[in-house]
1. Quick one: what pairs do we get from segment 174-199, first residue farther than 18 Å from Arg140 by Cβ, second part of a strand (DSSP E or B) and at pLDDT 95 or above, C-beta under 8 Å, 6+ apart or different chains?
2. Looking only at residues in segment 134-175 that are among the β-branched types (Val, Ile, Thr) and more than 22 Å from Leu102 (Cβ to Cβ), which one is farthest from the chain's Cα centre (by Cα)?
3. Among the residues of segment 46-70, write down those that are β-branched (Val, Ile, Thr) and buried (at least 23 other Cβ atoms within 10 Å of the Cβ).
4. Would a scan of segment 321-330 turn up a residue that is at pLDDT below 80, surrounded by fewer than 18 Cβ atoms within 10 Å (Cβ to Cβ) and either within 24 Å of the chain's Cα centre (by Cα) or not in a loop (DSSP other than H, G, I, E, B) (or both)?
5. Search segment 350-364 for residues that are assigned to a helix (DSSP H, G or I) and pair each with any residue that is among the aromatic types (Phe, Trp, Tyr) when their beta-carbon atoms are under 7 Å apart and the residues are at least 6 apart or on different chains.
6. Restricting attention to segment 122-143, which residues are in a helix (DSSP H, G or I) and in contact with a strand residue (DSSP E or B) (Cβ under 8 Å, 6 or more places away or on another chain)?
7. Condition (residue is at positive phi and modelled with pLDDT of 85 or more) applied to segment 346-356: is it met by at least one residue?
8. Taking Ala129 as the residue in question, decide whether it is at pLDDT 90 or above, within 21 Å of Gly170 (Cβ to Cβ), over 24 Å from the mean Cα position of the chain (by Cα) and small (Gly, Ala, Ser).
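The values are calculated or read from the model by the stated rules, or taken from the named source; none is laboratory data. None of these values were measured; they are calculated from a predicted model. Heads up, the Cβs are rebuilt from the backbone with ideal geometry, glycines too, and the neighbour counts pull from every protein chain shown.
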Amino acid sequence: MAEDEQVTSVVPFIQRQWRREVRVGNLIIGGDAPILVQSMTTSDTRDVEATLQQIAELASAGCELVRLAVLNSEAAKALPEICRRSPLPLVADIHFDHRLALAAIVAGVVKLRLNPGNIGSATRVRQVAEAAEAAGAAIRIGINSASLEKEILARYGGATPEGMVESALGHVHLLEEVGFEDIIISLKAPDVPRTVQAYRLMAKACDYPLHIGITHAGPPGSGSIVSSVGLGILLAEGLGDTIRVSLTGDPVLEVQTAFRILESLEIRRSSVRLISCPTCGRCRVDLAAITSEVERLLSTYHGEPLTVAVMGCEVNGPGEAKEADIGLAAGQGQGLIFVKGEVVAKAEPDNLLQAFIEELNKIRFVST
């Protein structure tokens, strides 16, 4: 496909900007492949069992690619066992020491995340590129606004989008000069405007796939909002081939948030979409408790895509519940339960949750 051709997503108003394909293990990044969800372990990579446990939790949440920090030779020595037992393809995060990159490739990672400029001479860059090429591993050039080269900061008067792009292209050229082109690029800042502008500029400068995210976005509450705004803008403009939501804390929350962002734009669909109303003075049931319990039950659902609605009153409730695969609409004195648009049960407020769970279990256990 030509550089200016478009790949249409499932939503007509989003035109996915075409990027060249890069193979990462058994995955394809770019082209018309699905936008992949990535996260990073927070465990000490030297602790094999703890790291594998976290990878398993991420896999259960739907994560498709996991990055590990490889800080030293002890962490590198743990990689072969982790790679052998991991249910997901792994990315090694490398800085400063090209020997760690070489060890990670031998261990079986499918991608490196590094800046070629901080691992030493052109000879060392060539060694890493040749090893990656031979193993079929990709390289992500990861540019962060907080770690730009001093000369770029001086030239642009700070960590500007233009400076971030210049830095990334400089690293791209280092790899291209030694014949390596299985490249993915990221340009992250902790704020939305710089990040969005950097990706817009990079999209015009080359056709390598883009890994998108807002770095150091914050704790789950505020960080999810910042990430949703930034990633939402980029995705709506057709940019992004892999995504990571960077949150302080449990990385499983990163994966869950990433899928919610993709689902909100109808780019991807996981097993369950839960719709619930914010409640108001008309609500006469404890809808927050009902929704929490329904969400808990649905956390183990892995069947066909399912839309579930939990609504608190008779204004919009019946309409939303009727449009869902299964829906609950509470009302004055009783509530209605819908399945595929038809009322299948009525229940008083005290029995509404149990009646809904019974109908929900019929679907869950048939589908799983």
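1. Once the first residue is farther than 18 Å from Arg140 by Cβ and sits in segment 174-199, no partner that is part of a strand (DSSP E or B) and at pLDDT 95 or above comes close enough.
2. From segment 134-175, those among the β-branched types (Val, Ile, Thr) are 139, 141, 143, 152, 160, 165, 172; that's our starting set.
Going one step further and asking which of them are more than 22 Å from Leu102 (Cβ to Cβ), we end up with 143, 152, 160, 165.
Details: Ile143: 18, Ile152: 30, Thr160: 25, Val165: 22 Å.
In this case the residue turns out to be Ile152.
3. Going residue by residue through segment 46-70, those that are β-branched (Val, Ile, Thr) are 48, 51, 55, 66, 70.
Matches in segment 46-70: Thr51, Ile55, Val66, Val70.
4. Step one: filter segment 321-330 for residues at pLDDT below 80, giving none.
Within segment 321-330 (the criterion being at pLDDT below 80, surrounded by fewer than 18 Cβ atoms within 10 Å (Cβ to Cβ) and either within 24 Å of the chain's Cα centre (by Cα) or not in a loop (DSSP other than H, G, I, E, B) (or both)), the answer is no, since none of the residues qualifies.
5. Final answer for the pair search is Arg364/Tyr301.
6. Residues of segment 122-143 in a helix (DSSP H, G or I): 122-135.
Residues satisfying the conditions are Val128, Ala129, Ala132.
7. Within segment 346-356, the first condition is being at positive phi, and the residues that meet it are none.
There is no residue in segment 346-356 that is at positive phi and modelled with pLDDT of 85 or more.
8. In short, yes.
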